1. Cα to Cα, under 16 Å, and not fewer than 8 places away if on the same chain: which lysines meet these conditions relative to Lys8?
2. Show me the chymotrypsin sites (Phe, Trp or Tyr not before Pro) within segment 65-98 that DSSP assigns to loop and that have at most 13 other Cβ atoms within 10 Å of their Cβ.
3. Using a 10 Å cut-off on Cβ atoms, rank the peptides 43-50, 121-128 from the highest mean neighbour count down.
4. Give the lysines reachable from Lys104 as a straight Cα distance under 26 Å; neighbours fewer than 8 places away on the same chain don't count.
5. Within segment 33-86, list the trypsin sites (Lys or Arg not before Pro) lying in a DSSP loop whose Cβ has at most 14 other Cβ atoms in a 10 Å radius.
6. Note down the net charge around His60, summing +1 for each Lys or Arg and -1 for each Asp or Glu among other residues with Cβ under 11 Å from its Cβ.
Amino acid sequence: MLDVTKLKEIAHKIHLTEEEFVAEKKRLVAKILHKNEPVQPKNGVIYILLAFFLGTTGIHNFYAGYWGRGLSQLCLTLISAWFLYIPLLFVAMWALLELLFVNKSAKGINFSGNRTIIISLRIISIVLLALAFSNTPMVMDEPDFEEVIINI
């Protein structure tokens, strides 16, 4: 490990200013402190379940550490009533894509959990969404007034 005198000698050799030296010292200290900090991987099963059930609120992104994405999704969901719920459709598609393709937390660590269960949940979510949209009734034409009278 470097001590301060060795660091000053190195800074003098490469002609660092005092401000650059202080900034580099702070960067090295932060790097050392973050290396010793244990990082727990997030669970992929929990991420997928949150994305499926609460995806439009962005809670799955908050869980994985993607605060910017989560806030964007939450804000778009909250304002969607003023824009005929079009932003809500956009956020729902966004959450579905994240459910299918995001495999790492914001810190770049792969999700933990059983890969078979994670893949199964992704397939089940696609099947459930396909079934939900395949059973939607078709818009029927309005019946003619004469047909209604004849059937009565």
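1. Candidates past the 8-residue exclusion: Lys25, Lys26.
2. Passing sites in segment 65-98 are Tyr85.
3. Per-residue Cβ counts within 10 Å, averaged per peptide and sorted highest first, yield 43-50, 121-128.
4. Partners within reach: Lys31, Lys35, Lys42.
5. Within segment 33-86, no trypsin sites (Lys or Arg not before Pro) qualify (loop, at most 14 other Cβ atoms within 10 Å).
6. Result for the local shell: +1.
Rule-based calculations on the coordinates, nothing more; no lab input. Just so it is clear, the model here is predicted, and its values are computed rather than measured. Please note: Cβ atoms are built from the backbone with ideal geometry, for glycine as well, and neighbour counts cover all protein chains shown.
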